[in-house]
Every structure is written in structure tokens, then in C-alpha cells.
Amino acid sequence: QVQLVESGGGLVQAGGSLRLSCTASGRTFSSYAMGWFRQAPGKEREFVAAITAITWSDFSTYYADSVKGRFTISRDNAKNTVYLQMDSLKPEDTAVYYCAADRQVSRRVGSYDYWGQGTQVTVSS
């Protein structure tokens, strides 16, 4: 089982930056792919970014077209933490951001077994 807790959300002006963190409990964090999703009021939860479980040789990252070039996902297995660095933020990025974990990387909400409670990101202007 995996328990996830997000942090780092807040209020920022357009063009600013935030770094979200998601810390997991458990001993098998490195075996899980991790994803970031977001949900604005009245809208469906949507994919933002994902990263595969790290192997000795390689890993892969994936991004929604709307955030490519602005957001960066990374992970630190020693800290059981995945990050989402968000730069050049836009008002349309305003949403509750959730991290999720699953054995296989995916862009689909329904593919993830474990979810955090979410952290609010609000971009003004």
C-alpha cells in the first residue's frame, strides 16, 4: 500500500513559479510510476505529468501539451518524493493538484490505484 501527501501549493502571480512535492510512505516507492493531475472547479481531472519507476539504466517522463516546456517532473527515491517544478505559470494552471501512484505509468486517471489529498495552486492575473 502507498500513502501520498502533497505540499507546496499556494498563490502566485502569472509568470511566477511553484514547486510541488509529493511524499509517499512505504518501502516500494521506487517500484511505482508517479503522476501529477489537476482539477479545476467544474472540470474533469486532467493529466499533467508522469514519470516511470526508476531502473538501473533509465526512466521516462511524460507531459500534457499544455505544460510542456514549463513544468518538470522529477523524483528522489531516497526521499520517497516526487516533484513538480512549475515555471511561467498561467491563470489557466489554477487547480487542485494531485499526485498518484501505480505500478505502470499512464496518462489516465482511472489507471492509478493511489492518490493524495491534493494541494491548491492559484495563479492570479
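The values are calculated or read from the model by the stated rules, or taken from the named source; none is laboratory data. No experiment lies behind these values; they were computed from the predicted model shown. FYI the Cβ positions are ideal-geometry reconstructions off the backbone, even for glycines, and counts take in every protein chain you see. Calculation scope for accessible area: heavy atoms of the full protein, side chains included, ligands and nucleic acids excluded. Shrake-Rupley method; radii C 1.70, N 1.55, O 1.52, S 1.80 Å.
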- Task: Output the strands (runs of 3 or more DSSP E) that fall wholly within the stretch 54-117 and possess 3 or more residues being closer than 23 Å to Ser25 by Cα and in contact (Cβ under 8 Å) with a residue 60 or more places away in the chain, or say none.
- Result: 81-86, 95-102
- Task: May I ask you to verify whether Arg45 is open to solvent by 30 Å² or more (accessible area, probe 1.4 Å) and within 11 Å of Ala95 (Cα to Cα)?
- Result: yes
- Based on what the data block shows, is Tyr63 under 18 Å from Gln3 (Cα atoms) and either in contact with a Lys or Arg (Cβ under 7 Å, 6 or more places away or on another chain) or not basic (Lys, Arg) (or both)? no
- Taking the residues in the stretch 31-42 that are surrounded by 13 or more Cβ atoms within 10 Å (Cβ to Cβ) and not hydrophobic (A, V, I, L, M, F, W, C) as candidates, determine which candidate is farthest from Asp87 (Cα to Cα). Ser31
- Item | Members of the stretch 21-53 found to be in a loop (DSSP other than H, G, I, E, B), over 11 Å from Val105 (Cα atoms) and among the small types (Gly, Ala, Ser), listed by number | Ser25, Gly26, Ala40, Gly42
- Query: In this structure, does Thr28 turn out to be free of Cβ contacts under 8 Å to residues at least 40 places away in the same chain, surrounded by 15 or more Cβ atoms within 10 Å (Cβ to Cβ), farther than 15 Å from Thr119 by Cβ and among the polar types (S, T, N, Q)?
  - Reply: no
- Task: Filter the stretch 63-117 down to residues that are open to solvent by 20 Å² or more (accessible area, probe 1.4 Å) and β-branched (Val, Ile, Thr), then give me how many there are.
- Result: 5
- Message: Whether any residue in the stretch 6-22 is out of contact with any Pro (no Cβ under 9 Å at 6 or more places or on another chain), among the acidic types (Asp, Glu) and open to solvent by 50 Å² or more (accessible area, probe 1.4 Å) is what I want to check.
- Response: no
- Message: Suppose the filter is modelled with pLDDT of 95 or more and either crowded, with 20+ Cβ neighbours inside 10 Å or of a type in the set (A, V, I, L, M, F, W, C) (or both); does Ala50 pass it?
- Response: yes
